[in-house]
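Report on the structure given below.
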Amino acid sequence: MQEKLEKILSEAKEQLGKATQLSETEEIRVKFLGKKGELTSILRSMGKLEPDERKKLGLAANNARNEIEAMLEEKKDTVKGKAKELKLKAETIDVTEPGKELKLGSKHPITVTIEEMTNIFESMGFSVTEGPEVETVFYNFDALNAAPNHPARDMTDTFYINKDVILRTQTSPVQARTLEKEKPPIMILAPGRCFRCDTPDATHSPMFHQIEGMVVDEGITMGDLRGVLDRFAKEMFGSEVKTKFRPHHFPFTEPSAEMDVSCFKCGGKGCRVCKGSGWIEVLGCGMIHPNVLKIGGIDTEKYTGFAFGIGVERIAMLKYGIDDIRLMYENDMRFIDQFK
């Protein structure tokens, strides 16, 4: 039995000396130390021996096992080291080769414009709120005093998901939802995306951005509206800019108006930007219609309010001299990089 142990140890040394792969060292381990291995078989057969002989042979067998395990670990480390060395040689990196340029990103002009406009209104006390882009017909039209036969409800103007659910055509539904949830005084700003069935061209897009503003409190007048928007225009376009209001019609405001600013490019003298008129239309606004306040549960005998809606793309195009709205949605980095 002693001779057999010495033979097993000799064979293990010889085979490990020839091994060059981790898989080979594993095969050797199984052959000698596995459940059916040669050394394991000897250990299991020791029960038939006399106690003294079993003790002597057990010590020799354990020494042989420990020696084989040590040789296995040493061989594994050697094989792993050689494999790592070969891998490093195969994956040599030329540190003198030029690397790829990592470009810093920049904010999109629409994002820049929204942040600038939001900061201006927040400085006046407005708080920012949001609403769902997938909206109900009720909040998008009914709650905003739009008649059932209003042309904006047509499928040629609005994206319908079903007869009661649409993609919102404006951010004004946030106004209706806020009136339901909050009680005056209310002073909110609602930026977000809107959707309409427009054919893309230089000035139209089926997806665009708006900022809706609303103030409701006791004693709110058209003068308050004009004061807020006049300050906004001067902060956005320069302190020399003038504003004027023209009568208009929106179903959710009465009276309604559109606001123009004096051309900040030519100072009102007339140029390509203002098409020679000296004025540029920038937004729609008005006093909130009593019907809208009533639907929102607001006491119209006590409270009044105003609202306005600003097209973000229009402001960005005017401020940065962009002549085609499609440039903002083509993801051309040559265009985006200009706004760093």
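None of the figures in this text is laboratory data; all of them are computed from the coordinates on show. Values in this document were obtained by computation on a predicted structure and should not be read as measured data. As a convention, Cβ positions derive from the backbone with ideal geometry for all residues, glycine included, and neighbour counts pool all protein chains shown.
What fraction, in whole percent, of alpha-carbon pairs in segment 58-120 exceed 14 Å separation?
79
Just the number, please: Stokes-Einstein D of the chain in µm²/s, Kirkwood Rh from C-alpha pairs, 4 °C, 1.567 mPa s.
49
Step through the residues of segment 93-106 one at a time and calculate ³J(HN,Hα) from phi using the Karplus curve (6.51 cos²θ - 1.76 cosθ + 1.60, θ = phi - 60°), rounding each to whole Hz and writing x for Gly and Pro.
9, 7, 5, 8, 6, x, x, 7, 6, 9, 8, 7, x, 9
To the nearest 0.05, what FRET efficiency results for residue 116 and residue 217 with a Förster distance of 30 Å applied to their C-beta separation?
0.70
Please work out the FRET efficiency for the pair residue 36 and residue 62, using the Cβ-Cβ distance as r and a Förster radius of 22 Å; give the result to the nearest 0.05.
Plugging the Cβ-Cβ distance into 1/(1 + (r/R0)^6) gives 0.70.
So, R0 is 25 Å and r is the distance between the beta-carbons of residue 244 and residue 203; what FRET efficiency does that work out to, to 0.05?
Calculated value: 0.70.
Against the longest principal axis of the chain, how steep is helix 109-122, in degrees 0 to 90 to the nearest 10, with axes from Cα atoms?
Roughly 60 degrees, rounded to the nearest 10.
Can you pull out the cysteines in the chain that have no other Cys Cβ under 4.7 Å?
194, 197, 285
Using only Cα atoms, tell me the angle between helix 51-90 and the longest principal axis of the chain; keep it within 0 to 90° and round to the nearest 10.
Its long axis makes an angle of about 40 degrees.
Where a Cα-Cα gap under 18 Å defines reach, which aspartates and glutamates qualify for residue 56, not counting those fewer than 8 residues away within the same chain?
Result set, ordered by chain and number: 3, 6, 67.
Let me know the volume per residue of the alpha-carbon convex hull for segment 127-263, in Å³.
In segment 127-263, the Cα convex hull volume per residue is 129 Å³.
How about residue 55: which lysines have a C-alpha closer than 24 Å to its C-alpha, ignoring those fewer than 8 places off in the same chain?
Partners found: 4, 7, 35, 36.
Helix-only mean residue ellipticity at 222 nm, the chain, DSSP H runs n ≥ 4 weighted -39,500 (n - 2.57), per residue, nearest 500. What is it?
For the chain, the value works out to -13000 deg cm²/dmol.
For every other residue with a beta carbon closer than 12 angstrom to the beta carbon of residue 105, add +1 if it is Lys or Arg and -1 if Asp or Glu, then tell me the sum.
Local charge sum for residue 105: +2.
Please report how far the C-alpha centroid of segment 55-94 lies from that of segment 168-242, rounded to the nearest whole angstrom.
Spelled out, the Cα-based centre of one part sits 74 Å from the other.
Calculate how steeply helix 2-18 sits against the longest principal axis of the alpha-carbon atoms of the chain, using the helix alpha-carbon long axis, and give the answer as 0 to 90 degrees to the nearest 10.
The answer is roughly 40 degrees.
Under 17 Å Cα to Cα from residue 340, which lysines show up? Leave out anything in the same chain fewer than 8 places away.
Excluding near neighbours in sequence, the set is 103, 107, 319.
For residue 182 and residue 80 in the same chain, what is the full-extension length gain: residue separation times 0.36 nm, less their Cα-Cα distance, in nm?
Extending this stretch completely gives an extra 29.8 nm.
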